[in-house]
Structure formats: structure tokens, C-alpha cells
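To keep things clear, I will list the structure first and then write my remarks on it.
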Amino acid sequence: MQRSVLSPLRRAVAGSAGGGKGAPLSAAASRPFASASEPQPQGEDVGSFPFARPKGYEPPAEFARLRRECPVARARLFEGSPIWLITKPRELQQVLVDNRFSKVRTHPGFPELAPGAKAAVEGREASYVDMDPPEHTRYRAIFEPFFDAEAAQVEELIDGMQRRGPGADGGVDLAEAFSLPLAFRVIYEMLGIPFEDYEFLSSNVAVRASGSSTARDAAAAQQQLQEYMEGLVAAKEAKPTDDVLSKVIRSHLVAGNATVASMINLGLLSLLEHPDQLEALKGDPSLLPCAVREICRYHTASAYALRRMALEDVKVGDVTVKAGEGLIALNQSANRGEEAFPDPDAFDIRHSPNPQVGYGYGTHLCVAMPLAMAELECAFGGLLRRLPTIKLAVAPDQLQWSDPKADVGLTGLPVTW
Ligand code: HEM
């Protein structure tokens, strides 16, 4: 196991209850996951999961059908193991506030989406993200205040874009020139990471996070990041400073950067697709907070994170999820839930109230939501004010999308102005 950067902090917050692996499991919950061959009388079995998006950013078509016909449904993961899919807002919220559902990924039945994920989890110390209350609650209270910051890097990045100009025929890739550097800079500044290290870190993070990297390249990139963070933490411990890195966990380095960048790209695309709303936003920046909430509802950039395992039998909708069984609360589906949003497939920046669940809900609600929202408001506000003629530099059908079964995202967004 790696040397723990958390140890001093862990000692500081660890009380008598909890323990590193979350609450103890009941005998029933520690049973292996119900096998694929066991009869499963309840809930329709909808086959293998994840489903594919039909095109572009459209959510999988199965979601709307399941919300209508079977809001708690059975599906199979890559190795054939069963999982419950929760597709409606009410059931999603019920599950995510109920501490009988665990986030501790070392439980035998915890649902993983890719081969090798279980082994990777077992080999490293859990961050608080993957703990249950009460231990999770203590760590979270420490980190929460750090994420309530304003983004201040927008103007500088747009200065750079303007200096370089709107590009020739192919335009400028917004993802590369703006969205990704903004997401990284905000976090690196917050963590006290020297900015000269940006290129090294962002290229390794990109390899580690990309679904198209080989397992070997991803592992090598992970190792590089790990060593970098260990070195940085060791230097900080030798010479403590008052920045967050001296107190924070390494998982924050990679969490959320790609998601923020993705939301900028997808949000700008949707605004360009709705010129009337784009003009309204340019004319009235007070609409920005509402527009950002709608962007985060319409495009759910983190759609597979809300995985849990039942510690005891729990009724969800018409179904009893048994102890030891895994589920995934599908926030991409709940964000289009008919009972929460009238006309859910329409993009409307004036949508209010907007109980979007793009950042999750309940116990593990994204701790950085205030930061991410502020960052997105600054990003769209800055882009529309400073580059008011911004438009796509290629035909929409030439845009390249992420794997249809992975989180929704654009591989680049060529723009000009
Ligand atoms: C638009 C951008 C973002 C989206 C859509 C997003 C989405 C999410 C979601 C859905 C969860 C819930 C996971 C669960 O319940 O299992 C989550 C949790 C979390 N996110 Fe974000 N996130 C974003 C930005 C960020 C950023 C910028 C950071 C950090 C720098 C971050 C750090 C975290 C952490 C640490 C948690 C775990 C909180 C806990 O377990 O209490 N996120 N995020």
C-alpha cells in the first residue's frame, strides 16, 4: 500500500465510531452478491448496462421507458453481475439520503463498471469520498469550506485566446484553449500546486481518465501522478504552508476537472443551438445562475458516480433491494424526470425551480458544487461578454463525441468569433 498522505488528518478526525472501512457489515450484507443465476422475481431485467446514447448528447432511450414502466429495474454489469437501476427523481433522492446504502467500494457486492476497478480499489487507501457516515461526515466537514471559492482565471485565458486570434478554417478548440485549462487552474491554485507543473499533470490526468488509453498507459499515468503528489506532500510536510494541499487529500487533484471542462463545452454548444436564449443571456447576465443550473440538468456530465450497495434489505419503490445488492442511481435519467421537470427534454435557461441532480444528492452531494457553479457562471459570463460573436467553426455533425456508453462529452469544440 502507498504511504498515506492522509495519516495525520486521519488521526485528527478519526473518532471511536466508524473505522477506515465504514460501518461494520451485517452478516447478510457481507454475503457475496446474489449470483446471476439466482432467481430474481422482482423488477424487469433490462439486459446489459451501461446503455448507449443514440447520438450526440441525447441520453440513452431506455431511460425514458424505464421511468414510465419500471423505475427500479434489474440490469447486468460487464461481468454479468446484477445491479438495480434507479431512474426516477423521487427514488433517486430516497436512496441517496438513506445510510443503509453504502459507498464503501471494498464490500464484495459493490458495483463496479469496468474490469480491474475492484482490484484498483482494494490496493489503495479509501479517500473520504468512498466512506460512509459517521467517518465520511467528519472528513467532509473539514473540506467543505475550501470549495466555496470564486473562479478568477477566466479573463486571463480569454486574453490568451484573443491574442492568438480566432484561428483559420478549423477555428480554435475551446476545450484545449479554455475549458480544460480553466478547470485545472482553479483546482491547482486551490491546492497550491505550482503552475509550471500544469502540462505534466494535465497530460497524465488526460491519459488516466481517457477511456481510450490502454490499461498499461493508464496505470503508468496514475503512478506518475501518485509519485508527484507524494513528493509534493512530502515537501509541504517538511515546510508547511497555509494552502489547502497541506491539509487535503490527493483524490481532489483529478476529481471534477474533466467534468467542469465538459460542462463548459456542452453548455456553450446548447446555447449556440438556441440563439434566442443565447441573446437573452448576453443581454441579461443576471440569468447566468439559472442558465448554469439548466446546463447542469440538461447535460449530466457525471452520470455513473452514484453507485451504492445495500447494507440491509431496503424497499425502493415497489422493489426490495436485498442486503449485499448493488444499485446505480441514474442522475442523467432523473434530470429528465417528467414529474420534476415539465417538458424535460427542452433546454430552457429560465427553467425555475430547477431541482437538478447533476451533482448528486444527499450524503455525498458534490462537495465542490458551489465552486463548480461559480466557475461555470464565470466561464459563460466571460465568454459571452468578451467573445460575443463566438460560434461553431465546424458543422454540428462533425463534432466528435465520447464513447456512447461513457459519460457524455465532446472530444473538442472548434469555435471561432
Ligand atoms: C460540473 C462539475 C462537477 C460535477 C457535475 C460533479 C458531480 C459530482 C457527483 C455526481 C458527485 C456525487 C458522487 C456520489 O454521490 O457518489 C460528486 C461528488 C464529489 N465531487 Fe464533484 N462534480 C463536479 C465538480 C467537482 C470538482 C471541481 C471537484 C473537486 C475539485 C469535485 C469533487 C468532488 C468530491 C470530493 C466528491 C465527493 C463528495 C462526498 O463524497 O462527500 N467535483 N461530484
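Using the number of other C-beta atoms within 10 angstrom as an exposure proxy, rank TRP84, TRP417, TRP401 with the fewest first. Could you put the intermediate results ahead of the total?
Details: TRP84 26, TRP417 17, TRP401 14.
Starting with the residue having the fewest Cβ neighbours, the order is TRP401, TRP417, TRP84.
Please list 216-224, 95-103 highest first by mean number of surrounding beta-carbon atoms within 10 Å per residue.
95-103, 216-224
Suppose R0 equals 45 Å; then what is the FRET efficiency for SER203 and GLU69 from their Cβ-Cβ distance, rounded to the nearest 0.05?
0.50
For GLU230 and ASP318, compute 0.36 nm times the residue count separating them, minus their Cα-Cα distance, and round to one decimal in nm. The partial results should precede the final answer.
Numbers: separation 88, 0.36 × 88 = 31.68 nm, distance 4.78 nm.
In short, 26.9 nm is gained.
Would you list LYS55, LYS282 from fewest to most Cβ contacts within 10 Å?
Fewest to most other Cβ atoms nearby, the residues stand as LYS55, LYS282.
I need THR300, THR320, THR214 ordered by Cβ neighbour count within 10 Å, fewest first.
Least to most surrounded, the residues fall as THR214, THR320, THR300.
Only the coordinates and a few stated rules stand behind these numbers; no lab work does. Note that the structure is predicted; figures quoted are calculated from it, not measured. Reconstructed Cβ throughout: ideal geometry from the backbone, glycine too, with neighbour counts over all protein chains shown.
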